[in-house]
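Peer 1: Okay, handing you the structure first.
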Amino acid sequence: MTDVSRRQALAALGSAAGLAGAFACAPADVDRAAREAARAKAAGGFTPRFFTADELATATLLADLILPRDERSGSASEAGVPEFLDFVLAEEMTDPVRIRGGLGWLDRECRDRFGKRFLDCEVPERAALLDDIAWPARARPEHSQGVAFFSAFRDLVAGGFWSSKVGVEDLGYQGNVVVTEWKGCPEEQLQRLGVSYG
């Protein structure tokens, strides 16, 4: 098995045809949500419609833990993912109750374990909690609510990130570029697939 980074794994999810199913809205609505989030950020001021101030801070931190800045591109928050999430949830394009309840679950679980809310936890404390809910197959039954929340939240973050300008650049998507001369599939890829033109 190869060593795959979290960003590479999420990029694969984001480019998979099935990602649209992660949203309870049509692709055009997702695109509209991304445009609205970008517009709000570009306007210089962002006033959340869905999140409270604490929820927005928690959602922003969690989104950046899922997709942090790396050598290839910016973080989820730099891509405008929190604004995207706020718009999608305010428009009820996905399950707002699950997300709001999940953010509350994070704080309750952190208070039970560490005596403080998620935002106030140390890095190792946050990592321990997220390790318990990020891998559904090995999660304990008592963490089922956290697992369901984290899976839905991670899908929304991935969708928001890879529909943003930062995310599209991260994927290396070139858009509708005119190909002046078709030279066929690159030889390297043909060899990798074990096929040839001859």
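What follows draws every value from the coordinates through simple rules; no lab data is involved. Fair warning: this is a prediction, and the values are worked out from it, not measured in the lab. All Cβ positions, even for glycine, are placed from backbone atoms using ideal geometry, and neighbour counts span all protein chains on display.
Peer 1: By the scheme Lys and Arg +1, Asp and Glu -1, what is the net charge of all other residues having a beta-carbon under 13 Å from that of Phe149?
Peer 2: Around Phe149, the charge tally is -2.
Peer 1: Points 7 angstrom from Cα along the Cβ direction at Glu169 and Ala57: gap in nanometres?
Peer 2: 2.9 nm
Peer 1: Hey, any idea what Rg/Rh is for the stretch 95-197, computing Rh the Kirkwood way over Cα pairs?
Peer 2: Here Rg/Rh amounts to 1.23.
Peer 1: While we're looking at this one, here's another question. Can you work out the FRET efficiency for the pair Arg117 and Glu91, with r the C-beta to C-beta distance and R0 = 41 Å, to the nearest 0.05?
Peer 2: Efficiency at R0 = 41 Å is approximately 0.90.
Peer 1: Which of the GluC sites (Glu not before Pro) across the stretch 156-198 are loop residues per DSSP, with 10 or fewer other Cβ within 10 Å?
Peer 2: Counting only loop positions with at most 10 other Cβ atoms within 10 Å, the GluC sites (Glu not before Pro) in the stretch 156-198 are Glu181.
Peer 1: FRET efficiency for Val178 and Phe46, Cβ-Cβ distance as r, R0 = 25 Å, nearest 0.05?
Peer 2: FRET efficiency, Val178 to Phe46: 0.10.
Peer 1: Return a whole-number percent for the relative contact order of the stretch 52-198, with Cα pairs under 8 Å and 6 or more residues apart as the contact set.
Peer 2: Dividing the mean separation by the residue count of the stretch 52-198 yields 25 percent.
Peer 1: Enter the Cα centre distance for the pair the stretch 80-111 and the stretch 169-198, rounded to the nearest angstrom.
Peer 2: Between the Cα centre of the stretch 80-111 and that of the stretch 169-198, the gap is 39 Å.
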